[in-house]
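Below: one structure, written as structure tokens.
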Amino acid sequence: MKHISLSNYGKIPALGLGTWKSNKNQVNNAVKKALTLGYRHIDCAPAYDNENEVGEAISYAIEKGVANREDLWITSKLWNNAHAPEDVEPALKKTLKDLHLDYLDLYLIHWPVVVRPDIYFPRGGEDLIPLSEVPTLETWQAMEACVGKGLIQQIGVCNFSIKKLGELVETSTIKPVVNQVELHPYLQQNEMLSYCKKNHIALTAYSPLGSADRPKRLKKANEPALLTNPKIAEIAEKHSKTPGQILLSWGLQRGTVVIPKSVNPGRLKENLTTAELSLKLDEADMTAIAELDLGYRYVDGSFWTTPGSPYTMEELWDE
Ligand SMILES: NC(=O)c1ccc[n+]([C@@H]2O[C@H](COP(=O)([O-])OP(=O)(O)OC[C@H]3O[C@@H](n4cnc5c(N)ncnc54)[C@H](OP(=O)(O)O)[C@@H]3O)[C@@H](O)[C@H]2O)c1
């Protein structure tokens, strides 16, 4: 398995297993199967409402000798209602308890968005608090303190624009090692990729296959389908691979980490094989895929910008 080196020390497996939308009944078997196949990186979050089931699978695999804890890379995320500095460590400890772990390899701020502490998912704009009232740097400093206590090895962010990432890089003591963002051929994130390379920040691609299993309420009408794109299908045929393998190979070849979600044993294997094969897309393939960029977000964050919210799409993405 290819790894991506991090700025301070350590290296992250370049392919991990996503767990958003993997329901409680499926995720335990999916994680056990993944670890047995050879996955060593699992992407989790309390907001996925399945950390306990993921944790049971991880501890089962460790007990059975399938993997050692030190060979695993487990990521989780700080939810938006726990950004107040005093709420960070309790939120982290809840995640550690659910995942049956005593430390995380990576802890990420899930969104640059703050929700009232007594609410999980906002019911309306009034449940959101502006970032100016709970500055990201204060949340970050509480995460830095958890690194000092040995509860987390590395810290980073998700869904941060270059502007927000730059502010954190300039003001933090421990620099963010990862930004996890939506990234696929319809949203190629070229500027973000250059910024991250220049600043030695690893870029993790979420929804690398187009996140087709999102609930209807999170989908827009006439979304472009990624896995059935004719150009991707053509390149897949040329290399005798599946469209999914081409999408993942493209992400890996650009030096990003990819975290496809699957609960299907065949697709779990197919996705892992992609990272093990190191398929080389040629210049013509890369040029053709570069032309597919639409700047299109499947997970566009508009759910944070409902009427009455202090957040707007422009401020969220700084675009
Ligand atoms: N930080 C954030 O804000 C954030 C946001 C979104 C996602 N994420 C993370 O990124 C992970 C991946 O993103 P995602 O879940 O949105 O979507 P995704 O990985 O792009 O797509 C998942 C969908 O693709 C299917 N699939 C998996 N492998 C396939 C293959 N080889 N061929 C065809 N279909 C395949 C899955 O079905 P089966 O399960 O049936 O195989 C599922 O329907 C998440 O699970 C989560 O861990 C993070």
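The values are calculated or read from the model by the stated rules, or taken from the named source; none is laboratory data. All figures in this text were calculated on a predicted structure; none of them were measured in a lab. So basically every Cβ, Gly included, is an ideal-geometry build from the backbone, and we count neighbours across all protein chains shown. Heads up: the accessible areas ignore ligands, DNA and RNA and are worked out on the full protein's heavy atoms, side chains in. Shrake-Rupley method; radii C 1.70, N 1.55, O 1.52, S 1.80 Å.
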Considering (1) among the charged types (D, E, K, R); (2) in a helix (DSSP H, G or I); (3) within 13 Å of the ligand (Cβ to nearest atom); (4) open to solvent by less than 50 Å² (accessible area, probe 1.4 Å), say which one residue 267 fails and leave the rest.
(4)
Qualifying position, being in contact with an Asp or Glu (Cβ under 6 Å, 6 or more places away or on another chain), outside any loop (DSSP other than H, G, I, E, B) and either basic (Lys, Arg) or farther than 19 Å from residue 255 by Cα (or both), among 27, 31:
27
Output for Cβ contacts, cut-off 8 Å, separation at least six or different chains, first residue within 16 Å of the ligand (Cβ to nearest atom) in the range 89-108, second among the small types (Gly, Ala, Ser) and assigned to a loop (DSSP other than H, G, I, E, B), reads 105/10
The residue that is nearest to residue 19 (Cα to Cα), considering only those in the range 53-71 that are in contact with a helix residue (DSSP H, G or I) (Cβ under 6 Å, 6 or more places away or on another chain) and within 16 Å of the ligand (Cβ to nearest atom), is 54
Which condition number does residue 140 fail, the rest of (1) in a helix (DSSP H, G or I); (2) open to solvent by less than 20 Å² (accessible area, probe 1.4 Å); (3) in contact (Cβ under 8 Å) with a residue 40 or more places away in the chain; (4) hydrophobic (A, V, I, L, M, F, W, C) being met?
(3)
Neighbours by Cβ (under 8 Å, 6+ apart or cross-chain): first from the range 38-52, farther than 10 Å from residue 98 by Cβ; second assigned to a loop (DSSP other than H, G, I, E, B) and modelled with pLDDT under 95:
38/1; 40/1
Within the range 90-129, work out how many residues are open to solvent by 40 Å² or more (accessible area, probe 1.4 Å) and over 21 Å from residue 19 (Cα atoms).
6
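Residues of the range 32-42 being out of contact with any Pro (no Cβ under 7 Å at 6 or more places or on another chain), more than 12 Å from the ligand (Cβ to nearest atom) and not small (Gly, Ala, Ser), which ones? Step through it out loud before you land on a result.
We begin by selecting, within the range 32-42, every residue out of contact with any Pro (no Cβ under 7 Å at 6 or more places or on another chain); these are 32, 34-39, 42.
Within this subset, residues satisfying the condition of being more than 12 Å from the ligand (Cβ to nearest atom) are 32, 35-39.
Within the range 32-42, 32, 35, 36, 37, 39 meet the criteria.
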I'd like to know if the range 144-157 contains one or more residues that are surrounded by fewer than 22 Cβ atoms within 10 Å (Cβ to Cβ), at positive phi and in a loop (DSSP other than H, G, I, E, B).
yes
Matching residues in the range 195-235 - criterion: being more than 11 Å from the ligand (Cβ to nearest atom), part of a loop (DSSP other than H, G, I, E, B), touching a strand residue (DSSP E or B) at 6+ places or on another chain (Cβ under 9 Å) and not aliphatic (A, V, I, L, M):
200
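Within the range 16-31, restricting attention to residues that are more than 11 Å from the ligand (Cβ to nearest atom) and either free of Cβ contacts under 8 Å to residues at least 60 places away in the same chain or among the aliphatic types (A, V, I, L, M) (or both), which residue is most open to solvent (accessible area, probe 1.4 Å)?
The qualifying residue most open to solvent (accessible area, probe 1.4 Å) is 25.
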Residue within the range 286-294 that is in contact with a helix residue (DSSP H, G or I) (Cβ under 9 Å, 6 or more places away or on another chain), within 16 Å of the ligand (Cβ to nearest atom) and either on the phi > 0 side of the Ramachandran plot or open to solvent by 20 Å² or more (accessible area, probe 1.4 Å) (or both) present:
yes
